[in-house]
Amino acid sequence: MKTETAKFVEALRARCREVREDEPLRRHVSFRIGGPADVLVIPRTLDEARAAAGYLFSERIPFIVLGAGSNVLISDAGIRGVVVKLGKGLDHVAYDGDAVVAQAGAGLPHLARDAANRGLSGLEFAGGIPASVGGAVVMNAGAHGHAMQDVVHRVRVITPEGERILDGAALGYQYRTSVLQTRPTVVVEATLRLVRSDPETVRARTDAWLRHRGETQPIGPPSSGCVFRNPSADHAGRLIDLAGGKGLQLGGARVSELHANYILNGGDANAADVVGLMHKVSVLVMEKFGVRLEPEIKFLGEFPAQSTP
Ligand SMILES: Cc1cc2nc3c(=O)[nH]c(=O)nc-3n(C[C@H](O)[C@H](O)[C@H](O)COP(=O)(O)OP(=O)(O)OC[C@H]3O[C@@H](n4cnc5c(N)ncnc54)[C@H](O)[C@@H]3O)c2cc1C
(Lines give C-alpha, C1' and ligand atoms only; values in the text may rest on other atoms or scores of the structure.)
Protein backbone atom coordinates (compact mmCIF):
# COMPACT_ATOMS: atom_id res chain seq x y z
CA MET A 1 0.00 0.00 0.00
CA LYS A 2 2.82 2.40 0.99
CA THR A 3 4.68 1.87 -2.30
CA GLU A 4 1.45 2.24 -4.23
CA THR A 5 0.74 5.54 -2.45
CA ALA A 6 4.30 6.73 -3.08
CA LYS A 7 3.81 5.98 -6.79
CA PHE A 8 0.65 8.00 -7.23
CA VAL A 9 1.92 10.83 -5.00
CA GLU A 10 4.87 11.13 -7.37
CA ALA A 11 2.51 11.14 -10.36
CA LEU A 12 0.33 13.80 -8.70
CA ARG A 13 3.38 15.95 -7.92
CA ALA A 14 4.28 15.85 -11.60
CA ARG A 15 0.87 17.39 -12.35
CA CYS A 16 0.29 19.71 -9.45
CA ARG A 17 2.79 21.78 -7.44
CA GLU A 18 1.11 21.40 -4.07
CA VAL A 19 0.66 17.86 -2.79
CA ARG A 20 0.84 17.30 0.96
CA GLU A 21 0.98 14.01 2.80
CA ASP A 22 -0.61 13.32 6.17
CA GLU A 23 -2.16 16.80 6.18
CA PRO A 24 -4.47 17.65 9.12
CA LEU A 25 -7.81 18.50 7.54
CA ARG A 26 -9.05 20.56 10.49
CA ARG A 27 -6.89 23.34 8.99
CA HIS A 28 -9.03 23.27 5.87
CA VAL A 29 -12.59 23.25 7.25
CA SER A 30 -14.71 25.83 9.07
CA PHE A 31 -15.54 23.40 11.92
CA ARG A 32 -11.80 23.11 12.73
CA ILE A 33 -12.36 19.39 13.31
CA GLY A 34 -10.95 16.31 11.60
CA GLY A 35 -7.97 14.01 11.28
CA PRO A 36 -5.42 13.94 8.47
CA ALA A 37 -5.80 13.12 4.80
CA ASP A 38 -3.23 10.64 3.52
CA VAL A 39 -2.78 12.91 0.52
CA LEU A 40 -4.08 16.45 0.00
CA VAL A 41 -3.80 17.86 -3.51
CA ILE A 42 -4.27 21.62 -3.90
CA PRO A 43 -4.45 22.64 -7.58
CA ARG A 44 -3.61 26.32 -7.94
CA THR A 45 -4.65 26.65 -11.60
CA LEU A 46 -7.35 25.25 -13.86
CA ASP A 47 -4.71 23.25 -15.73
CA GLU A 48 -3.46 21.70 -12.49
CA ALA A 49 -7.04 20.80 -11.51
CA ARG A 50 -7.61 19.23 -14.93
CA ALA A 51 -4.37 17.27 -14.76
CA ALA A 52 -4.83 16.04 -11.17
CA ALA A 53 -8.50 15.06 -11.54
CA GLY A 54 -7.88 13.57 -14.99
CA TYR A 55 -5.07 11.41 -13.61
CA LEU A 56 -7.09 10.25 -10.58
CA PHE A 57 -10.10 9.37 -12.74
CA SER A 58 -8.01 7.58 -15.35
CA GLU A 59 -6.20 5.52 -12.70
CA ARG A 60 -9.52 4.88 -10.89
CA ILE A 61 -8.13 6.28 -7.66
CA PRO A 62 -11.09 7.40 -5.55
CA PHE A 63 -10.89 10.92 -4.15
CA ILE A 64 -12.93 13.45 -2.23
CA VAL A 65 -13.33 17.07 -3.33
CA LEU A 66 -13.21 19.84 -0.77
CA GLY A 67 -14.12 23.48 -1.37
CA ALA A 68 -14.10 25.95 1.51
CA GLY A 69 -14.93 23.06 3.87
CA SER A 70 -17.93 24.89 5.35
CA ASN A 71 -20.47 22.09 5.10
CA VAL A 72 -18.51 19.03 6.13
CA LEU A 73 -17.63 17.01 9.19
CA ILE A 74 -14.33 15.19 8.74
CA SER A 75 -13.93 12.06 10.87
CA ASP A 76 -11.44 12.03 13.73
CA ALA A 77 -9.47 9.33 11.92
CA GLY A 78 -9.26 11.59 8.85
CA ILE A 79 -9.43 10.34 5.29
CA ARG A 80 -7.55 7.33 3.94
CA GLY A 81 -6.74 8.25 0.39
CA VAL A 82 -6.79 11.43 -1.64
CA VAL A 83 -8.55 14.75 -1.06
CA VAL A 84 -8.50 17.46 -3.74
CA LYS A 85 -9.04 20.94 -2.39
CA LEU A 86 -10.18 23.73 -4.72
CA GLY A 87 -9.53 27.19 -3.33
CA LYS A 88 -6.88 29.87 -3.60
CA GLY A 89 -5.32 30.15 -7.05
CA LEU A 90 -8.30 28.54 -8.73
CA ASP A 91 -10.36 31.63 -7.93
CA HIS A 92 -10.31 33.79 -11.03
CA VAL A 93 -13.49 35.76 -11.73
CA ALA A 94 -14.38 37.46 -15.04
CA TYR A 95 -17.39 39.64 -15.84
CA ASP A 96 -19.06 39.77 -19.23
CA GLY A 97 -22.13 41.99 -19.25
CA ASP A 98 -24.58 40.52 -16.77
CA ALA A 99 -22.74 37.18 -16.66
CA VAL A 100 -19.93 36.26 -14.32
CA VAL A 101 -17.57 33.37 -14.91
CA ALA A 102 -16.07 32.25 -11.60
CA GLN A 103 -13.59 29.47 -10.96
CA ALA A 104 -14.62 26.94 -8.34
CA GLY A 105 -12.23 28.15 -5.65
CA ALA A 106 -13.52 31.74 -5.66
CA GLY A 107 -15.04 32.76 -2.34
CA LEU A 108 -18.82 33.26 -2.54
CA PRO A 109 -19.09 36.15 -0.03
CA HIS A 110 -16.37 38.09 -1.85
CA LEU A 111 -18.06 37.41 -5.20
CA ALA A 112 -21.45 38.57 -3.83
CA ARG A 113 -19.89 41.81 -2.56
CA ASP A 114 -18.04 42.42 -5.82
CA ALA A 115 -21.20 41.80 -7.87
CA ALA A 116 -23.14 44.21 -5.63
CA ASN A 117 -20.51 46.90 -6.12
CA ARG A 118 -20.88 46.45 -9.88
CA GLY A 119 -24.67 46.77 -9.64
CA LEU A 120 -25.29 43.12 -10.54
CA SER A 121 -28.22 41.64 -8.66
CA GLY A 122 -28.83 37.97 -7.86
CA LEU A 123 -26.19 37.09 -5.27
CA GLU A 124 -27.38 39.31 -2.41
CA PHE A 125 -28.48 36.18 -0.50
CA ALA A 126 -24.94 34.80 -0.60
CA GLY A 127 -23.05 37.59 1.19
CA GLY A 128 -22.85 35.58 4.43
CA ILE A 129 -22.44 32.04 3.11
CA PRO A 130 -18.77 31.10 3.61
CA ALA A 131 -18.66 28.78 0.59
CA SER A 132 -16.46 28.38 -2.45
CA VAL A 133 -18.32 28.83 -5.73
CA GLY A 134 -17.86 25.10 -6.48
CA GLY A 135 -19.25 23.97 -3.13
CA ALA A 136 -22.17 26.39 -3.42
CA VAL A 137 -23.02 25.10 -6.91
CA VAL A 138 -22.91 21.47 -5.75
CA MET A 139 -24.88 22.12 -2.53
CA ASN A 140 -27.35 24.59 -4.10
CA ALA A 141 -26.49 26.91 -1.22
CA GLY A 142 -29.20 29.38 -0.39
CA ALA A 143 -30.75 31.77 2.07
CA HIS A 144 -33.58 34.30 2.36
CA GLY A 145 -35.72 32.41 -0.19
CA HIS A 146 -33.01 32.41 -2.88
CA ALA A 147 -30.46 29.82 -3.91
CA MET A 148 -27.69 29.11 -6.41
CA GLN A 149 -30.18 27.45 -8.75
CA ASP A 150 -31.61 30.93 -9.47
CA VAL A 151 -28.32 32.14 -10.93
CA VAL A 152 -26.34 29.14 -12.22
CA HIS A 153 -26.34 29.29 -16.02
CA ARG A 154 -23.79 26.58 -16.71
CA VAL A 155 -20.89 24.78 -15.09
CA ARG A 156 -17.61 23.33 -16.28
CA VAL A 157 -16.96 19.93 -14.75
CA ILE A 158 -14.35 17.20 -14.91
CA THR A 159 -15.79 13.71 -14.89
CA PRO A 160 -14.38 10.22 -15.46
CA GLU A 161 -15.50 10.68 -19.10
CA GLY A 162 -13.64 13.98 -19.52
CA GLU A 163 -14.35 17.69 -19.32
CA ARG A 164 -17.96 18.80 -19.89
CA ILE A 165 -20.08 21.93 -19.86
CA LEU A 166 -23.45 21.33 -18.21
CA ASP A 167 -26.47 23.63 -18.35
CA GLY A 168 -27.87 24.82 -15.04
CA ALA A 169 -31.21 23.29 -16.04
CA ALA A 170 -29.57 19.84 -16.22
CA LEU A 171 -28.29 19.91 -12.66
CA GLY A 172 -31.50 18.60 -11.05
CA TYR A 173 -31.54 21.36 -8.49
CA GLN A 174 -33.67 20.93 -5.40
CA TYR A 175 -33.41 22.17 -1.83
CA ARG A 176 -29.68 21.98 -0.94
CA THR A 177 -28.98 19.30 -3.50
CA SER A 178 -28.11 18.69 -7.15
CA VAL A 179 -27.20 15.74 -9.35
CA LEU A 180 -23.59 16.81 -8.88
CA GLN A 181 -23.78 15.21 -5.42
CA THR A 182 -24.60 11.82 -6.90
CA ARG A 183 -21.76 11.37 -9.43
CA PRO A 184 -17.99 11.59 -9.34
CA THR A 185 -17.65 15.16 -10.61
CA VAL A 186 -15.28 18.04 -10.01
CA VAL A 187 -16.84 21.44 -10.63
CA VAL A 188 -14.06 23.74 -11.80
CA GLU A 189 -15.97 26.79 -13.02
CA ALA A 190 -19.48 28.26 -13.01
CA THR A 191 -21.14 30.88 -15.18
CA LEU A 192 -23.76 32.81 -13.25
CA ARG A 193 -26.43 35.00 -14.84
CA LEU A 194 -27.11 38.12 -12.81
CA VAL A 195 -29.39 41.09 -13.45
CA ARG A 196 -28.16 44.63 -14.00
CA SER A 197 -29.44 46.93 -11.33
CA ASP A 198 -28.50 49.93 -9.25
CA PRO A 199 -25.34 49.33 -7.10
CA GLU A 200 -26.83 51.20 -4.11
CA THR A 201 -29.94 49.00 -4.11
CA VAL A 202 -27.97 45.75 -4.49
CA ARG A 203 -25.51 46.76 -1.76
CA ALA A 204 -28.32 47.77 0.60
CA ARG A 205 -30.07 44.38 0.20
CA THR A 206 -26.78 42.49 0.66
CA ASP A 207 -26.04 44.50 3.82
CA ALA A 208 -29.55 44.11 5.25
CA TRP A 209 -29.40 40.32 4.90
CA LEU A 210 -25.90 40.24 6.38
CA ARG A 211 -27.10 42.28 9.37
CA HIS A 212 -30.05 39.94 9.83
CA ARG A 213 -27.71 36.93 9.81
CA GLY A 214 -25.47 38.59 12.37
CA GLU A 215 -28.45 38.97 14.69
CA THR A 216 -29.90 35.47 14.22
CA GLN A 217 -26.91 33.19 13.61
CA PRO A 218 -23.64 32.66 15.46
CA ILE A 219 -20.84 33.85 13.18
CA GLY A 220 -17.86 33.75 15.52
CA PRO A 221 -17.23 30.20 16.80
CA PRO A 222 -16.16 27.44 14.40
CA SER A 223 -19.11 25.54 12.93
CA SER A 224 -20.42 24.05 9.71
CA GLY A 225 -23.54 26.21 9.66
CA CYS A 226 -26.86 24.38 9.91
CA VAL A 227 -26.22 20.71 10.61
CA PHE A 228 -29.72 19.43 9.68
CA ARG A 229 -31.83 20.02 6.57
CA ASN A 230 -35.09 21.83 7.18
CA PRO A 231 -37.99 19.37 7.10
CA SER A 232 -40.65 20.36 4.56
CA ALA A 233 -42.53 23.53 5.54
CA ASP A 234 -40.67 23.83 8.85
CA HIS A 235 -37.32 24.78 10.34
CA ALA A 236 -35.03 22.28 12.02
CA GLY A 237 -33.79 25.06 14.33
CA ARG A 238 -37.35 25.80 15.54
CA LEU A 239 -38.03 22.11 16.27
CA ILE A 240 -34.72 21.65 18.10
CA ASP A 241 -35.38 24.77 20.17
CA LEU A 242 -38.92 23.65 21.15
CA ALA A 243 -37.64 20.15 21.94
CA GLY A 244 -35.20 21.66 24.47
CA GLY A 245 -32.03 21.21 22.44
CA LYS A 246 -30.56 24.72 22.74
CA GLY A 247 -27.38 24.81 24.82
CA LEU A 248 -27.01 20.99 24.93
CA GLN A 249 -23.37 20.01 25.11
CA LEU A 250 -21.26 16.94 24.44
CA GLY A 251 -17.51 17.11 24.95
CA GLY A 252 -16.37 20.28 23.21
CA ALA A 253 -19.49 20.57 21.00
CA ARG A 254 -22.49 22.70 21.92
CA VAL A 255 -25.86 23.48 20.36
CA SER A 256 -25.95 27.24 19.77
CA GLU A 257 -28.20 29.31 22.04
CA LEU A 258 -28.75 31.76 19.19
CA HIS A 259 -29.71 29.31 16.42
CA ALA A 260 -30.49 25.75 17.49
CA ASN A 261 -29.56 24.21 14.11
CA TYR A 262 -25.94 25.27 14.63
CA ILE A 263 -23.48 23.10 16.52
CA LEU A 264 -20.44 25.03 17.67
CA ASN A 265 -16.92 23.82 18.30
CA GLY A 266 -15.96 25.30 21.67
CA GLY A 267 -12.29 24.77 20.78
CA ASP A 268 -11.57 21.13 21.49
CA ALA A 269 -14.59 19.37 19.97
CA ASN A 270 -13.97 16.28 17.91
CA ALA A 271 -16.12 14.63 15.26
CA ALA A 272 -17.42 12.02 17.71
CA ASP A 273 -18.73 14.84 19.95
CA VAL A 274 -20.58 16.44 17.04
CA VAL A 275 -22.06 13.15 15.84
CA GLY A 276 -23.12 12.25 19.39
CA LEU A 277 -24.75 15.65 19.87
CA MET A 278 -26.56 15.43 16.53
CA HIS A 279 -27.86 12.05 17.60
CA LYS A 280 -29.12 13.43 20.95
CA VAL A 281 -30.85 16.33 19.21
CA SER A 282 -32.50 14.04 16.62
CA VAL A 283 -33.86 11.82 19.40
CA LEU A 284 -35.32 14.85 21.21
CA VAL A 285 -37.04 16.08 18.04
CA MET A 286 -38.29 12.59 17.14
CA GLU A 287 -39.74 12.11 20.63
CA LYS A 288 -41.42 15.51 20.75
CA PHE A 289 -42.62 15.92 17.14
CA GLY A 290 -42.24 12.53 15.46
CA VAL A 291 -40.05 14.26 12.84
CA ARG A 292 -36.89 12.60 11.58
CA LEU A 293 -34.14 15.17 11.03
CA GLU A 294 -31.80 14.53 8.09
CA PRO A 295 -28.21 15.80 8.23
CA GLU A 296 -27.32 18.64 5.87
CA ILE A 297 -23.60 18.46 6.54
CA LYS A 298 -21.57 15.87 4.66
CA PHE A 299 -19.73 13.26 6.71
CA LEU A 300 -16.33 12.65 5.13
CA GLY A 301 -14.02 9.83 6.14
CA GLU A 302 -14.86 6.78 8.18
CA PHE A 303 -17.39 6.96 10.97
CA PRO A 304 -18.18 3.91 13.12
CA ALA A 305 -21.13 2.01 11.54
CA GLN A 306 -24.51 3.51 12.49
CA SER A 307 -22.88 6.34 14.43
CA THR A 308 -24.05 9.14 12.12
CA PRO A 309 -27.59 10.37 12.71
C1 LIG B 1 -21.27 30.08 9.41
C2 LIG B 1 -21.88 29.28 8.27
C3 LIG B 1 -23.05 29.74 7.69
C4 LIG B 1 -23.65 29.01 6.64
N5 LIG B 1 -24.80 29.48 6.06
C6 LIG B 1 -25.35 28.82 5.04
C7 LIG B 1 -26.54 29.31 4.40
O8 LIG B 1 -27.08 30.35 4.76
N9 LIG B 1 -27.04 28.59 3.37
C10 LIG B 1 -26.47 27.45 2.92
O11 LIG B 1 -26.97 26.84 1.96
N12 LIG B 1 -25.35 26.95 3.51
C13 LIG B 1 -24.78 27.61 4.54
N14 LIG B 1 -23.64 27.11 5.13
C15 LIG B 1 -23.09 25.83 4.67
C16 LIG B 1 -22.06 25.93 3.53
O17 LIG B 1 -21.46 27.22 3.48
C18 LIG B 1 -22.69 25.60 2.17
O19 LIG B 1 -23.23 24.30 2.15
C20 LIG B 1 -21.67 25.70 1.02
O21 LIG B 1 -22.34 25.51 -0.20
C22 LIG B 1 -20.51 24.72 1.11
O23 LIG B 1 -19.52 25.13 0.21
P24 LIG B 1 -18.00 24.72 0.42
O25 LIG B 1 -17.22 25.29 -0.67
O26 LIG B 1 -17.59 25.06 1.80
O27 LIG B 1 -18.13 23.16 0.24
P28 LIG B 1 -17.48 22.01 1.15
O29 LIG B 1 -18.02 22.12 2.53
O30 LIG B 1 -16.02 22.00 0.99
O31 LIG B 1 -18.11 20.72 0.44
C32 LIG B 1 -19.49 20.46 0.49
C33 LIG B 1 -19.81 19.30 -0.44
O34 LIG B 1 -19.61 19.72 -1.79
C35 LIG B 1 -18.58 18.93 -2.41
N36 LIG B 1 -17.77 19.87 -3.22
C37 LIG B 1 -17.22 21.04 -2.79
N38 LIG B 1 -16.62 21.67 -3.80
C39 LIG B 1 -16.77 20.89 -4.90
C40 LIG B 1 -16.36 21.01 -6.26
N41 LIG B 1 -15.68 22.05 -6.72
N42 LIG B 1 -16.69 19.99 -7.11
C43 LIG B 1 -17.39 18.92 -6.66
N44 LIG B 1 -17.80 18.75 -5.39
C45 LIG B 1 -17.50 19.73 -4.51
C46 LIG B 1 -17.81 18.27 -1.29
O47 LIG B 1 -17.28 17.02 -1.68
C48 LIG B 1 -18.90 18.10 -0.22
O49 LIG B 1 -19.66 16.94 -0.48
C50 LIG B 1 -23.04 27.81 6.18
C51 LIG B 1 -21.84 27.37 6.77
C52 LIG B 1 -21.27 28.09 7.80
C53 LIG B 1 -19.99 27.60 8.42
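The values are calculated or read from the model by the stated rules, or taken from the named source; none is laboratory data. Note that the structure is predicted; figures quoted are calculated from it, not measured. Note: ideal-geometry Cβ built from the backbone for every residue, glycine included; neighbour counts use all protein chains shown. These area figures cover heavy atoms from the full protein model, side chains too; ligands, DNA and RNA do not enter into them. Shrake-Rupley method; radii C 1.70, N 1.55, O 1.52, S 1.80 Å.
For E287 and R118, calculate 0.36 nm times their separation in residues minus their Cα-Cα distance, and state this gained length in nm to one decimal.
55.9 nm
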Problem - Length gained when the stretch S58-R20 is fully extended (0.36 nm per residue, less Cα-Cα span) - result: 11.6 nm
Completion exercise
Stretched fully, the stretch from H153 through K280 gains (0.36 nm per residue minus C-alpha distance, one decimal, in nm) 41.7 nm
Problem - Cα shape, the range 218-300, gyration tensor, a/c 1.5 rule - result: prolate
Practice task
Could you list which residues have their amide H under 5 Å from that of I79, counting only those 5 or more apart in sequence or on another chain, with H placed in the peptide plane?
Solution key: A37, D38
Practice task
Could you check how much of the accessible area of the chain is carbon and sulfur, as a whole percent, using a 1.4 Å probe?
Solution key: 50 percent
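Applying a 10 Å radius around every beta-carbon, put 99-107, 261-269, 218-226, 166-174 in order of their mean neighbour count, most first.
99-107, 261-269, 218-226, 166-174
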Completion exercise
Placing each pseudo-label 7 Å from Cα in the direction of the beta carbon, K298 and H110 end up separated by a distance in nanometres of 2.1 nm
Practice task
Only residues of the range 211-250 count here: report those whose backbone N is under 12 Å from the spot 7 Å along Cα→Cβ of E257, or say none.
Solution key: 246-248
Practice task
Counting helices only, and only those DSSP H runs with n ≥ 4, report the 222 nm mean residue ellipticity of the chain as the sum of -39,500 (n - 2.57) divided by its residues, in deg cm²/dmol to the nearest 500.
Solution key: -9000 deg cm²/dmol
Exercise for the section: Would you list the P(r) distribution for the range 1-154, with all Cα-Cα distances sorted into 5 Å bins from 0 and each bin expressed as a whole %? Expected result: 2, 9, 17, 20, 18, 14, 10, 6, 3, 1, 0
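What fraction, in whole percent, of alpha-carbon pairs in the range 134-215 exceed 17 Å separation?
52 percent
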Practice task
Take the alpha carbon atoms of the range 94-163, find their center, do the same for the range 167-218, and report the distance between the two centers in whole angstrom.
Solution key: 5 Å
Practice task
Using the Karplus curve 6.51 cos²θ - 1.76 cosθ + 1.60 with θ = phi - 60°, work out ³J(HN,Hα) for each residue of the range 199-214 in order, rounded to whole Hz, and write x for Gly and Pro.
Solution key: x, 4, 5, 5, 4, 4, 5, 4, 5, 4, 5, 5, 4, 4, 4, x
Problem - Candidate lysines - alpha carbon under 30 Å from K246, same-chain residues fewer than 8 apart omitted - result: K280, K288, K298
Exercise for the section: State, as an integer percentage, the relative contact order of the chain based on alpha-carbon contacts under 8 Å between residues 6 or more apart. Expected result: 17 percent
Problem - the chain: most fluctuating residue of I42, I61, I158 per GNM, C-alpha cutoff 10 Å - result: I61
Exercise for the section: Amide H neighbours of R154 under 5 Å, at least 5 residues apart or on other chains, H built in the peptide plane: list them. Expected result: G168, T191
Handout entry: Rg and Dmax [Cα atoms of the chain; Å; Rg one decimal, Dmax integer]
Key = 19.5, 59
Handout entry: Sequence-distant residues sharing a close amide H with L73 (under 5 Å, placed H)
Key = K298, F299, L300
